[in-house]
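First up is the structure itself, then whatever we jot down about it.
The values are calculated or read from the model by the stated rules, or taken from the named source; none is laboratory data. Everything numeric here is computed off the predicted structure, so don't read it as measured data. Every residue, glycine among them, receives a Cβ derived from its backbone with ideal geometry; neighbour counts consider all protein chains shown. Ligands, DNA and RNA are excluded from the accessible area calculation, which covers all protein heavy atoms including side chains. Shrake-Rupley method; radii C 1.70, N 1.55, O 1.52, S 1.80 Å.
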Amino acid sequence: MAPDVTTADPADDVKVPAPAGRGRSPFGRFLRWDVLVGVLLVLVFIGGSAGSPGFASIDNLSFALGDLGEIALIALAMTMLVVAAEVDLSVASVLGLSSALVGALWDAGWAIETIIPLVIVVGAVCGLVNGLLVTRLGLPSLAVTIGTLALYRGLAYVVLGDRAIAEFPQQYADLAVGDVPGTPIPYPVMLFVVLAAVTGVVLHATGFGRSLFAIGAQEEAALFAGIRVKRIKLILFVLSGTVAAFAGVVYTLRYGSARADNGVGLELAVIAAVLLGGVDFDGGKGTLGGVIAGVLLIGLLRNLLMLNDVSTEIQSIVTGLLLIISVITPRLVAAAGQRRRSPSPTSSSTPPES
Amino acid sequence: MSAVTAGRSTRGVVDLVFRARELSIVAALAVLVAVTAGVNGNFLSGQGMKDILLNASILVLLAVGQSVVVITRNIDLSVGSVVGLVAFTVGDFLAADHGRGIVFAVVLGVAVGALCGLVNGLLVSFGRVPALVVTLGTLYVIQGLDHFIAHGRQINAVDLPPALLSLGNGTVLGVPYLPVIAVVAMLAVGYYLRSYPSGRDFYAIGSSPEAAGLAGIPVRRRVMGAYLFSGALAGLAGVLWLSRFGTVVADAANGWELQVVSAVVVGGVAITGGVGTVYGAALGALLLTTITSALVVLKVNPFWQQAITGALLLLAISVDRLLALRVARVLRRRNARHGS
Amino acid sequence: MIEPGEREAPPLERIPPVLALAGVSKAFGAVQALREVSLELYAGEAHALAGENGAGKSTLVKTLAGVHRPDTGQVLLDGEQVEFHNPADAQRAGVAVIYQEPTMFPDLSVAENIFIGRQPRASLGRIDRGTMRARAAELFTRLGVTLDPEQPARGLSIADQQLVEIAKALSRDARVLIMDEPTAALSGNEVARLFNVVKALREQGCAVLFISHRLDEIFELCQRVTTLRDGTWIASEPVAGLTHDGLIRRMVGRDLDTLYPKQETEAGEVALKVGRLTREGVFTDVSFEVRRGEIVALAGLVGAGRSEVARAIFGVDRWDAGTVEVNGRRLPAASPTAAMAAGLALVPEDRRQQGLVMDQSIERNIGLTGLKALRRGPVISRAAERDRARDWAIRLQLKFNGLSDAVNVLSGGNQQKVVLGKWLSTRPEVLIIDEPTRGIDVGTKAEVHRLLSELAADGLAVLMISSDLPEVLGMADRVLVMQEGRLVAEIPRERATEESVMTAATGRAS
Amino acid sequence: ACGGTTKDSAAQSTGAPASAAAPASANPNAPLKEGLKIAFLPKQINNPYETIVDKAGIEAAKEFKGEAKEVGPSDASASSQVSYINTLIQQQQDAILIAANDANAVCGPLKQAMSKGVKIVSYDSDAAKDCRNLFINQADSEDIGRSQVKMLADMIGNKGEIAILSATANATNQNAWIGFMKDELTKPEYKDMKLVKVAYGDDDDQKSFQETQGLLQAYPDLKGIISPTTVGISAAARYISGSKYKGKITLTGLGTPNQMREFVKDGTVQQFALWNPKDLGYLAGYAAAAIASGQITGAEGEKFTAGKLGEYTVGKDGEVILGKPFVFKADNIDEFDF
Ligand SMILES: Nc1ncnc2c1ncn2[C@@H]1O[C@H](COP(=O)(O)OP(=O)(O)OP(=O)(O)O)[C@@H](O)[C@H]1O
Ligand SMILES: Nc1ncnc2c1ncn2[C@@H]1O[C@H](COP(=O)(O)OP(=O)(O)OP(=O)(O)O)[C@@H](O)[C@H]1O
Ligand SMILES: [Mg+2]
Ligand SMILES: [Mg+2]
């Protein structure tokens, strides 16, 4: 084997990663991924308001935010999962299953007040199945939830087939699309704000949150520290299923249409937002603020591009580039900064994680 | 020395466990085919076999490429988009002038695929950014590019040179070309990964990237190589897609990334790297496509098909896992007997 | 006392040193890990590197290995300046390194771990597996280890991993062999074998750099010793004219008191009672008690199953039969949480995997075992977390830059201190401590021992697993000896000698 | 269902929803306004069929000096269409032409658009009746469904097992056609024909391909397949032409001539149908202009002129029908290029 002599960057410390976001300079602190996403978000907003007249209108923003509702809700639970180094790809299918159930039961003459809690319980069970497979059998969650992604979506078709159920009660539909009285904020967005605040506190200030970060960063060490790793993971999956089912109810009422294929592909949008927000897919790193900024950035940017008649293909390219740029910029800047500061070209910089 | 004898028998069982991953898929496959053929003899007819092999071969190619990447503890979500892009651009290119040869088409497809792989590889290995984010990003970018080029157009079979189409449908000694290509690719890659020092490097990197660096393995170059290879195979798959289906719109193979990853995972390649073989991945791909075909042949209600596919997938990985746990326990017990 | 600059003349040989550092400095952010350090390694000589935890030894090793590049100063190979851009460059120059932390490929076989990247070839560049296996087996025979080359590296004990690392380095037939605490996880037998091999290599003209916190080993193996203190070169001198205390003085900068200040304590009531504990295939029928105020050592050869017993007691592993009682209450199986609630603490042997969350800060790591205690209402109090961390950092003389620094930038010994702090801060009633001073320097070791003694005197029951025989003999009130998964002897302090413990451990006793 | 909000109770409480829409009077003689902003919102932007339709519509707009454009999602989902409807409202378009992915899911935003004076014309796939002003139907749904069955029956001699290869299970137009097909099959002259299966190819080439294989294996006695979707029929034709089933199975459905030319020539397919998608787009474009200019309101019986296509009459429920589907055969297929 010919050894590798010609690496482009010789200043290449193999081990000892420098801590992410705990840069010793204030510059380093600013360079955090999630902060960068936040800054981008502000730029998009300012640029949008200046450039396209319709963008900053209350109507448009209210709609754009409402449109993000389900993704944002699911992203909350997904953030916690990814921080704990797990992932749930079945969320969109749970959403679809929940939507199909709502439709089928409504069509069968059930009361919506019974349907909603029931559907949410079903979502929790879906999450429980994911969680049990992951924690009891020790299967990788990526594999498990790819399986349940097909399973739950399939069940949605079993439940509702090719039917599309509409005409849900007005007062409930209003809850899904209407604004909180006296504000331009749709109810789901309001709910999201509340839940986000709760999630933020749980994730960043409580013992449970600490446990998640520890599990994600080094599961064995967390186990040795007396953290109930399996139980916590199970809780997270149940939570994720529950939230996805609830999002399914919101989705159904918001569009006034229950179909088995509702929300197909939503999981990638959620994951993209979470990753864009700076949560490390390997677990143990990330902030909820970053994720919220990520969700908003993807949503508002898309809205802005649409308003300017930018075609979907370009939107897709922009989303992709944004993801790539958001991970690569902090590293490039950090590397450049290191090179400038250190006296010799041999820097000990290593990007946040390898 | 009791430890040594214990060690030897350990080796046998451990080997068996590793081979068991592939064996269990083969067994599952056998059961599936037997049951289906029992219900409907057509399933094993010449045409039936041909269909299964043809259906699986593109997924097998992609799974082979993907497993090389996954073994290095990375992932390539962009393969589906690459197939789409290559299928369309090569089709477009050939449609413009029938005179262009099919060798040229294959080379062009592989080159476009390799270029996509190069971008992924550069970003992951030199930019040192998480593979999942990067390739999710390139998934969107390549898809966008593909749609941009296609712009709602469609490549039709009539526009394509017959030579290319016969690649998709023709046979050699009664076996269609596509599966032959897939199997050759699988065997070559499998042999390389097992028997060449540089092949082992992929496993070492996936097993512990840090240790690989310290051991003097050219980590970046290998990761780069894995992506390049996966991209090139996706390119080849794109050309084969074109030759098989003839009709191509922009979103060919849209969403296939998850199917490819499923195949790899079902095939026993650990998503955390370092473990697994391309044979397993290829068998996983074969199993997945066979499930789909079998369900149709078994006249399963279409609304149940997806649910059953999902359930079978879960069953496959769960059984495999339970088996492994069981063997581990037996191993431990056996150790006890040796010890005492 | 010897001051920097008061350099001894190098040996008389005219040939230049095989490998040398000249005025090398290396900083990590604000931490100056090495300051103008020079070091010369001659062929046929074993050179020791001594210094407290965090003195910069591993950094020096990594600089020689091409992992780090010096900020200033030079690396010299055969008197010529060279630049190692990466570990591969150093390896090609004939430098073999055993790093402080094992660098295994868990999914590859042991033989492949040893030969990765340089496998023996058959025709067409293929790997010759037969030769590879045979050569690995040969290396193990040289080291007197019974490891199966085909076995996957996953699940090897730390000691076995260390042995594989040693085999890996030996297999390189290197001109320079650098060993960063290779013996930290090994017990007497393996160490003796290792030394025989290293001595043979040295006689064949290999240059050896050896790091250990066990000073006896330095005196046994090495001809010269270089001492570092806080990244600064202190002295390079022949071992011959040096005493233990002299070396410690150079490392620490002052004299130390007794190394094993064991206090006599009255044993109280039974705190930990283990009854017929069995985990099939791992250990069988293990029964013992630990009383308040007692330090009980669990000795044995590597792989005897001591760590496994500890893991099972703490509930990380499931046990198949038997009971564990803490203060008279039976523990449920496989629940660390319940064990902790009952007042049990386990300082695990593998600090990087089990002891610490390497990416997280010192304070978070120490706080991790006290998430309940740190709660103010529903949220964690950062102030309380910081106080707890600071408190223990000071008590354990942790060398750190800031409490919010990630633990992976700490030196190995300081990481160990964080693990100790993390568990002692839970104020346990029963402390199980697995290799408590692995990789800890003499000064701190004394500190840790004093701490354990004090805690025991305050009524803590301590079960100490250690491969360091002097430590066992110095600290323990009773010594339990395990062999192949069974408890084979219990030796009271008065009768515990190196002889008696080793006899029991190797199974030569009745 | 004890005292909660159920389907029945909701139906009672929401009595007459569509009363607010003021039936503005039509002025048949009003000229087509110039500079009308109209937007086509297809099911999916990269669907070649939709592209042909929308391009023709944009051409039509050039004739009456309007500004037309095509925007839309890359996935055929109602939720993405909803986002586009919102932006089109913000852009203050005069009319939105939509091929709805889900009749009801797009309803709310479309109503909102109508309340802001935007005219809504659905084409290809209808939205719920009260959420649009007009529906340009490519052909009468009933006619499509029944004629497909007739066409197949003629070719297989009214006898044997048949199957349907549809698009997605939820496609509104497909399901409407399939409904009429099933109804047609209950007639006595088809008593020897048996519909054994409806398969879904999800408008995905590869899936449709595989579904066809499955159908043929699962039902060895299958005589014919109807695939009323352009993606499905071409995939099915492609599979059959390369398999041993060629010549043994009769395939028909809805397809574009360019896609099907090869298979008609090699004898895999004898005949299939389709309207001219260009005409559909053209008509839709003119209809949107007519309604946005006040020529028509969408009430039954109103008439408008659609450029070169001539005069059209608004039918029941605001439906405008393009005409009968055209049947393509070996002898006429070369006259068409789309
Ligand atoms: N990658 C790094 N980033 C920041 N600081 C580091 C890094 N590596 C080492 N250090 C610091 O450099 C100093 C020297 O560490 P080193 O590991 O060389 O000590 P050591 O002498 O090997 O100690 P021990 O005996 O505990 O292994 C310590 O203060 C450590 O915290
Ligand atoms: N060479 C070996 N081959 C197979 N299994 C081994 C070997 N060495 C150890 N083991 C397994 O590990 C168990 C004990 O390992 P463990 O690390 O717990 O022992 P230990 O006495 O704590 O040693 P250490 O000093 O390394 O901590 C043994 O019972 C055995 O199952
Ligand atoms: Mg060290
Ligand atoms: Mg141990």
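What's the whole-number percent of alpha carbon pairs in region D:229-285 lying beyond 13 angstrom? Here the tail beyond 13 Å accounts for 57 percent of pairs. Plainly put, region D:89-185 has a radius of gyration that is 1.13 times its Kirkwood radius, both from alpha-carbon atoms, as the Rg/Rh ratio.
Whole-Hz Karplus values for region D:290-296 come out as 4, 6, 6, 8, x, 4, 9 Hz, taken residue by residue from phi with 6.51 cos²θ - 1.76 cosθ + 1.60 and θ = phi - 60°; glycine and proline positions read x.
So, by mean Cβ neighbours within 10 angstrom, what's the order for B:67-73, D:156-162, A:35-41 with the highest one leading? Walk me through the intermediate numbers first.
Numbers: B:67-73: 28.7, D:156-162: 16.9, A:35-41: 19.4.
Peptide ranking by packing, descending: B:67-73, A:35-41, D:156-162.
Dividing the summed helix terms, -39500 (n - 2.57) for each DSSP H run of n ≥ 4, by the number of residues in chain C produces a 222 nm estimate of -9500 deg cm²/dmol to the nearest 500. Here the Kirkwood formula, the inverse mean of 1/r across different C-alpha pairs, assigns chain D a hydrodynamic radius of 20.9 Å. Taken over the protein assembly as shown, the ratio of Cα radius of gyration to 2.2 N^0.38 Å equals 1.01.
Counts of other chain beta carbons within 10 angstrom of each beta carbon in peptide B:241-252 average 6. Charging the Cβ of each Asp and Glu at -1 and of each Lys and Arg at +1, and nothing else, the dipole of chain B about its Cα centre rounds to 1620 debye.
Mean per-residue shielding of peptide D:87-93 is 6, counting Cβ atoms of other chains within 10 Å of each Cβ. Please grab the % of Cα pairs in chain C that end up more than 29 Å from each other. Value for chain C: 53 percent of Cα pairs lie more than 29 Å apart.
Between residue C:50 and C:226, C:227, C:228, the built amide H atoms are under 5 Å apart, and every one of these is 5 or more places off in sequence or on another chain. Residues in the protein assembly as shown average 35 Å² of solvent-accessible surface per residue, probe 1.4 Å, ligands and nucleic acids excluded. Tell me which lysines have Cα within less than 21 Å of residue C:26's Cα, excluding those fewer than 8 residues away on the same chain? Residue C:26 reaches A:15, C:57, C:62, C:399.
Between residue C:337 and residue D:59, the distance separating the two model label sites (each 7 Å from Cα on the Cα→Cβ line) works out to 7.0 nm.
Enter the mean number of other protein chain beta carbons within 10 Å of the beta carbon of each residue in D:103-109, as an integer.
Values: counts 3, 10, 11, 3, 5, 7, 3.
Taking all residues of D:103-109 together, the mean is 6.
Computed over protein heavy atoms with a 1.4 Å probe, the carbon and sulfur contribution to the accessible area of the protein assembly as shown reaches 57%. Seen through its C-alpha gyration tensor, with square-root eigenvalues sorted a ≥ b ≥ c, region B:10-328 comes out oblate because a/c lies at 1.5 or above while a/b is not bigger than b/c. Between C and A, buried accessible area from a 1.4 angstrom probe totals roughly 3900 Å², ignoring ligands, DNA and RNA. Once you have a ≥ b ≥ c as the square roots of the Cα gyration tensor eigenvalues for region A:62-262, tell me rounded if a/c is under 1.5, and otherwise prolate or oblate according to whether a/b is larger than b/c. Because a/c hits 1.5 or more and a/b fails to exceed b/c, region A:62-262 counts as oblate. Overall, the ratio between the Cα radius of gyration of chain A and 2.2 N^0.38 Å, rounded to two decimals, is 1.07.
Over all directions, average the projected area of the Cα convex hull of region C:269-506 and note it in nm². Intermediate values should be presented prior to the final figure.
Numbers: hull surface 49.6 nm².
Mean projected area for region C:269-506: 12.4 nm², to one decimal.
Of the cross-linked pairs D:65/D:324; B:299/D:197; D:62/D:116; C:273/C:445; D:182/D:207, those separated by over 19 Å at the C-alpha level are D:65/D:324; D:62/D:116; C:273/C:445; D:182/D:207. Ordering B:205-214, D:167-176 by mean Cβ neighbour count within 10 Å, with the highest value first, yields B:205-214, D:167-176.
Residue ranges D:208-218, D:33-43 sort as D:208-218, D:33-43 when ordered by packing (mean number of other C-beta atoms within 10 Å per residue, highest first).
Within region C:377-403, the residues that become at least 40 Å² less accessible when every protein chain is included than when their own chain is isolated (1.4 Å probe; DNA, RNA and ligands ignored) are C:379, C:380.
Counting charges near residue A:164 (Lys, Arg +1; Asp, Glu -1) among other residues having Cβ under 14 Å from its Cβ returns a value of -4.
Of the GluC sites (Glu not before Pro) in region C:182-283, which ones lie in a loop per DSSP and count no more than 13 other C-beta atoms within 10 Å?
Working: sites: C:190, C:203, C:217, C:220, C:264, C:266, C:269, C:280; in loops: C:264, C:266, C:269, C:280.
Answer in residue order: C:264, C:266, C:269.
Phi angles of region A:240-245 translate, via the Karplus equation with coefficients 6.51, -1.76, 1.60 and θ = phi - 60°, into HN-Hα couplings of 4, x, 4, 4, 4, 5 Hz per residue; Gly and Pro are given as x. With contacts taken as Cα pairs under 8 Å at a separation of at least 6 residues, chain D carries a relative contact order of 20 percent. When C and B come together, around 2700 square angstrom of accessible surface is lost from both chains combined, probe 1.4 Å.
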